[in-house]
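Asker: Pasting in a structure now, in structure tokens, and then I'll have a few things to ask.
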Amino acid sequence: MPEPLGVRQARAQRTREAVVAAAAAVFVDQGVQAPIRDIAERAGVGVGTIYRHFPTRADLVSAVYRHQIDTCSALAPRLLAESASPYTALTRWADAFVEFLVTKHGLGAALGSGDPGLENLHALMLDTLVPACATLLDACAAADETDPDVTAYTLMRAIGNLCITGPDYDRTDARRMVAALLAGVRRTV
């Protein structure tokens, strides 16, 4: 007897989520060009299952980064609600944004690859994350904790530039420099 449609859909959604989580972890370790078989192994599924959910590598890369962008965006209001101050929320959000940026091995090359399946990721990141950062900066400015002239786009661009890692500049260096940047936009009373 066939499974009810709702059960099949729920199982397919769980499989899709497992593949996205596995791909995110593999991309951190190996970059976006990692073998699909490594992602399948980590997800506990067959290679065919991955291709059934994500027919192209661009589809999989897009799904991973869309999920991570949405997660980072949703973090902003949550941090504002639970932090002692808007500036604390901003610094915690910036930490998450730094983590997002420095673990994206190969994303820059993928975005510049000309693959039509990836061309909207940069715009999605800006359209989703700039408003999240702006919410935090607006709250900071209203609390007189940061300079109101600092814009979300400019701050995110500066953070992004500080997160370009290399052989002699790693995640720790990026975090330290972003902390210095944020200290520079903070108003002291």
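The values are calculated or read from the model by the stated rules, or taken from the named source; none is laboratory data. What you are looking at is a predicted structure, and each value in this text was computed from that prediction instead of being measured. All Cβ positions, glycine included, derive from the backbone under ideal geometry; neighbour counts span all protein chains shown. With ligands, DNA and RNA removed, areas are computed over all heavy atoms of the protein, side chains included. Shrake-Rupley method; radii C 1.70, N 1.55, O 1.52, S 1.80 Å.
Asker: Would you point out the residue of segment 46-63, among those that are open to solvent by 40 Å² or more (accessible area, probe 1.4 Å) and of a type in the set (Val, Ile, Thr), that is modelled with the highest pLDDT?
Answerer: Val47
Asker: Using the structure shown, decide if Val19 is open to solvent by less than 60 Å² (accessible area, probe 1.4 Å), touching a Gly at 6+ places or on another chain (Cβ under 6 Å) and either in a helix (DSSP H, G or I) or at pLDDT below 90 (or both). Reasoning before the result, please.
Answerer: Working: open to solvent by less than 60 Å² (accessible area, probe 1.4 Å): yes; touching a Gly at 6+ places or on another chain (Cβ under 6 Å): no; either in a helix (DSSP H, G or I) or at pLDDT below 90 (or both): yes.
It is false that Val19 is open to solvent by less than 60 Å² (accessible area, probe 1.4 Å), touching a Gly at 6+ places or on another chain (Cβ under 6 Å) and either in a helix (DSSP H, G or I) or at pLDDT below 90 (or both).
Asker: If you don't mind, another one. Can you go through Thr128, Thr151 and tell me which one is more than 16 Å from the chain's Cα centre (by Cα) and hydroxyl-bearing (Ser, Thr, Tyr)? Spell out the reasoning first.
Answerer: Values: Thr128 fails: more than 16 Å from the chain's Cα centre (by Cα).
Answer to the check: Thr151.
Asker: What's the number of the condition Arg16 fails, among (1) touching a Ser or Thr at 6+ places or on another chain (Cβ under 9 Å); (2) in contact (Cβ under 8 Å) with a residue 24 or more places away in the chain?
Answerer: Unmet condition: (1).
Asker: Still on this structure, please answer the following. Consider only pairs whose beta carbons are under 8 Å apart and that are at least six residues apart or on different chains; among these, list those whose first residue lies in segment 160-189 and is without any contact (Cβ under 8 Å) to a residue 40 or more places away in the chain and under 17 Å from Cys133 (Cα atoms) and whose second residue is acidic (Asp, Glu) and open to solvent by less than 90 Å² (accessible area, probe 1.4 Å).
Answerer: Val185/Asp147
Asker: Right, something else. Counting just the residues of segment 121-159 that are in a loop (DSSP other than H, G, I, E, B) and touching a residue at least 24 places away in the same chain (Cβ under 8 Å), which one comes out surrounded by the most Cβ atoms within 10 Å (Cβ to Cβ)?
Answerer: If we take residues in segment 121-159 being in a loop (DSSP other than H, G, I, E, B) and touching a residue at least 24 places away in the same chain (Cβ under 8 Å), then Glu145 is surrounded by the most Cβ atoms within 10 Å (Cβ to Cβ).
Asker: Looking at Ala84, Ala76, which is the one that is open to solvent by 60 Å² or more (accessible area, probe 1.4 Å) and either in a helix (DSSP H, G or I) or among the small types (Gly, Ala, Ser) (or both)?
Answerer: After applying the criteria, what remains is Ala84.
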